[in-house]
1. Are any residues in the stretch 20-58 within 19 Å of residue 69 (Cα to Cα), outside any helix (DSSP H, G or I) and of a type outside the set (S, T, N, Q), and if so, which ones?
2. Inspect all residues belonging to the stretch 43-61 and state whether any of them is among the aliphatic types (A, V, I, L, M) and modelled with pLDDT of 90 or more.
3. Condition first: in contact with a helix residue (DSSP H, G or I) (Cβ under 6 Å, 6 or more places away or on another chain), surrounded by 15 or more Cβ atoms within 10 Å (Cβ to Cβ) and at pLDDT below 85. Can you find one or more residues in the stretch 64-74 that meet it?
4. For the stretch 12-26, how many residues are at pLDDT 95 or above and under 8 Å from the mean Cα position of the chain (by Cα)?
5. Using the structure shown, decide if residue 60 is touching a residue at least 24 places away in the same chain (Cβ under 8 Å) and of a type outside the set (Gly, Ala, Ser).
6. Scanning the stretch 1-29 for residues that are touching a residue at least 40 places away in the same chain (Cβ under 8 Å) and of a type outside the set (S, T, N, Q), which turns out farthest from residue 62 (Cα to Cα)?
7. Restricting to the stretch 27-47, name every residue that is hydroxyl-bearing (Ser, Thr, Tyr) and over 13 Å from the mean Cα position of the chain (by Cα).
Amino acid sequence: MARCTRTTGLQVHHKNRAGGNDLGNAEVLCTKCHEATSTYGAPGASPPEFTEETKRKALERAGHRCECPRTGGCH
């Protein structure tokens, strides 16, 4: 099964909670893939929101598609 390439319900997710708020720590995921991450809804401090500029750049970099690298496990 190919990786997810959804184009709707996209969110900019932190790859690493302690990794900062720069573009290098941003990953574009659809809602289902975001919910399937190991840290989604987990207790602990949530990182601050990305700036609108970082979100825009992440979406552009991703081609406005989900970047989930997992195959067959999110949907």
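The values are calculated or read from the model by the stated rules, or taken from the named source; none is laboratory data. Everything quoted here is computed from the prediction, not taken from an experiment. Positions of Cβ are backbone-derived with ideal geometry, glycine not excepted, and every protein chain shown enters the neighbour counts.
1. 26, 27, 28, 29, 30, 36, 40 - these are the residues of the stretch 20-58 that are within 19 Å of residue 69 (Cα to Cα), outside any helix (DSSP H, G or I) and of a type outside the set (S, T, N, Q).
2. Yes: the stretch 43-61 contains one or more residues that are among the aliphatic types (A, V, I, L, M) and modelled with pLDDT of 90 or more.
3. yes
4. 2
5. Criteria not met by residue 60.
6. Once the filter is applied, the top-ranked residue is 1.
7. 46
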